[in-house]
1. Take the residues of the stretch 132-168 that are within 16 Å of ligand 2 (Cβ to nearest atom) and of a type in the set (Val, Ile, Thr): which is farthest from the chain's Cα centre (by Cα)?
2. Of the residues that make up the stretch 136-150, is at least one part of a strand (DSSP E or B) and closer than 21 Å to residue 232 by Cα?
3. Modelled with pLDDT of 95 or more and crowded, with 18+ Cβ neighbours inside 10 Å: does that describe residue 52?
4. Out of (1) without any contact (Cβ under 8 Å) to a residue 40 or more places away in the chain; (2) within 30 Å of residue 177 (Cβ to Cβ); (3) of a type outside the set (D, E, K, R); (4) touching a strand residue (DSSP E or B) at 6+ places or on another chain (Cβ under 9 Å), what's the single condition that is false for residue 114?
5. Only one residue in 70, 107, 13 is under 23 Å from residue 143 (Cα atoms), among the hydroxyl-bearing types (Ser, Thr, Tyr) and away from ligand 2 (no atom under 15 Å from the Cβ). Which one?
6. Give the stretch 37-90 a look and list any residue that's within 16 Å of ligand 1 (Cβ to nearest atom) and assigned to a loop (DSSP other than H, G, I, E, B), or say none.
7. Go through the residues of the stretch 206-214 one by one and say whether even a single one is assigned by TED's automatic domain parsing to the domain that holds residue 129, under 22 Å from the mean Cα position of the chain (by Cα) and surrounded by fewer than 16 Cβ atoms within 10 Å (Cβ to Cβ).
8. Could you identify the single residue in 106, 96 that is β-branched (Val, Ile, Thr) and within 17 Å of the chain's Cα centre (by Cα)?
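The values are calculated or read from the model by the stated rules, or taken from the named source; none is laboratory data. Just so you know, these numbers come straight off a predicted model, no measurement behind them. Here the Cβ is made from the backbone with ideal geometry for all residues, glycine too, and neighbour counts use every protein chain on show.
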Amino acid sequence: MEIKIIKCLQDNYSYLLIDKKNNSACVIDPSESDPIINYVEKNKINLKFILNTHHHFDHIGGNKDLKKKYKSKIIGFEKDKNRIPEIDICLNDRDIWKGDNFELKIYHIPGHTLGHVCYHFFKQNILFTGDTLFSLGCGRIFEGTYNQMFSSLQLIKSFPLETKIYCGHEYSLKNSEFCINHDKKNSALIKKIELIKEAINNGLPSMPSTIKEELECNIFLKAKDVDTFSKLRDLKDKS
Ligand code: ZN
Ligand code: FE
């Protein structure tokens, strides 16, 4: 399996998980169809599945075109089926799903939206966190409660340390400013910021991160309780 990171819209990432054996792929959160089509055509990839982490337009914008062009099956959260355009396969919290060589477990992680999910490809140990966990940050709470978001982040924290994290947006550098302001002496954070700057300066994504790095550096994951977390979230919203 190989992951191709595809930049979309302003600062979104869509991800192609490619099974090199038969050149088939899943796409996670296609913000728009054109950049995906370009890559798929150039590399003669069979786009079998489309996965959405949540219903926001910048995560589902490519669903319709891609399904029409490649007859891909669209996968999403059962309880959000009315908001995921053209959904074919509805999954429930903690379901394991297999299609071709792709195998994943879905986790319901509400907060950013009520139907937000993440996808864990447990064989490769990679996690697509959408707009719930960002590198050095977390999503805004649009539909859920602070409690829900805090619990969702606790769940993400429980994945193995070496789990690779792929987030919905390139917010790492901006997020790092907030983290360092509240955590000035964190040497792991200082080191991570250097690496993020290096990637961005070279026109590269700062993804993937890992659970270990986020536990060490992400101020929202370091919050001990929901009150601390809520205060940080409010401060970040105002920043
Ligand atoms: Zn969103
Ligand atoms: Fe988004």
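1. For the stretch 132-168, the residue satisfying everything is 141.
2. If we filter the stretch 136-150 for residues that are part of a strand (DSSP E or B), which is where we start, we get 137-138.
Those left that are additionally closer than 21 Å to residue 232 by Cα: 137-138.
Checked against the condition, which is being part of a strand (DSSP E or B) and closer than 21 Å to residue 232 by Cα, the stretch 136-150 yields at least one hit.
3. Numbers: modelled with pLDDT of 95 or more: yes; crowded, with 18+ Cβ neighbours inside 10 Å: yes.
Against the criterion (modelled with pLDDT of 95 or more and crowded, with 18+ Cβ neighbours inside 10 Å), residue 52 qualifies.
4. Result: residue 114 passes all but (4).
5. Matching residue, one of 70, 107, 13: 107.
6. Taking the stretch 37-90 first, the residues within 16 Å of ligand 1 (Cβ to nearest atom) are 51-63, 76-77, 80, 83-85.
Across the stretch 37-90, the qualifying residues are 52, 53, 54, 55, 56, 61, 62, 83, 84, 85.
7. Scanning the stretch 206-214, I find at least one residue that is assigned by TED's automatic domain parsing to the domain that holds residue 129, under 22 Å from the mean Cα position of the chain (by Cα) and surrounded by fewer than 16 Cβ atoms within 10 Å (Cβ to Cβ), so the answer is yes.
8. Only one candidate qualifies: 106.
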